[in-house]
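Undergrad: Would you mind keeping the following structure in view while I ask a few things?
Just so it is clear, none of the values below were taken in a lab; they were calculated from the coordinates. Computed from a prediction, not measured in an experiment: that's the story for all the values here. Positions of Cβ are backbone-derived with ideal geometry, glycine not excepted, and every protein chain shown enters the neighbour counts.
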Amino acid sequence: MKTLTLASIYEIQGHRHEAAEIYKAILEEDPSNTEAKIALKRLVSNRKNYGKANEDMLSLFIQMDSSVEFNEFERWLLQLWN
């Protein structure tokens with residue numbers, strides 16, 4: 001099942017191509033999906049490689065067990081997506 005959540009997870013893990021393919025599939029089903037449009041535009045226009053940052057955040061994501069860690073992860077996502 002191709003969802004925005006799955007695409008976001010791929011993106012966080014650094015699997016940008018896989019994320020883009022899911023966003024494209026979502027847009028084929030629902031061309032008015034604003035979130036998918038924005039995400040795909042971000043992936044296409046922003047070719048930065050976050051390499052180590054993705055690995056660190058993936059590790060944090062997997063091991064999160066406090067609200068402090070959740071907030072840190074959330075701030076990182078917001079910076080990444082803006």
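Undergrad: Please give the helix 67-81 orientation as an angle from the longest Cα principal axis of the chain, in degrees from 0 to 90, rounded to the nearest 10.
TA: 40 degrees
Undergrad: Which order do the peptides 33-40, 15-22, 72-79 come out in when sorted by mean C-beta neighbours inside 10 angstrom, highest first?
TA: 15-22, 33-40, 72-79
Undergrad: Apply the a/c threshold of 1.5 to the C-alpha gyration tensor of the chain and tell me whether it is rounded, prolate or oblate.
TA: Numbers: a/c = 2.05, a/b = 1.73, b/c = 1.18.
Taking the square roots of the gyration eigenvalues as a ≥ b ≥ c, the chain is prolate.
Undergrad: Report, to the nearest 10°, how far helix 16-29 tilts away from the longest principal axis of the Cα atoms in the chain, using its own Cα long axis and a range of 0 to 90°.
TA: Here the helix axis deviates by roughly 40 degrees.
Undergrad: Quick one: how many lysine pairs in the chain have C-alpha atoms under 18 angstrom apart, if they're 8 or more apart or on different chains? Show your work: numbers first, answer last.
TA: Details: Lys2/Lys24; Lys2/Lys37; Lys2/Lys41; Lys24/Lys37; Lys24/Lys41.
Lysine pair count for the chain: 5.
Undergrad: Sticking with this one: Please give the FRET efficiency for Leu27 paired with Leu80, using the beta carbon to beta carbon distance and R0 = 25 Å, rounded to the nearest 0.05.
TA: Numbers: r = 21 Å, r/R0 = 0.83.
In this case the efficiency is close to 0.75.
Undergrad: Quick one: helix 51-63 against the long Cα principal axis of the chain, what's the angle to the nearest 10°, folded into 0 to 90?
TA: That works out to roughly 70 degrees.
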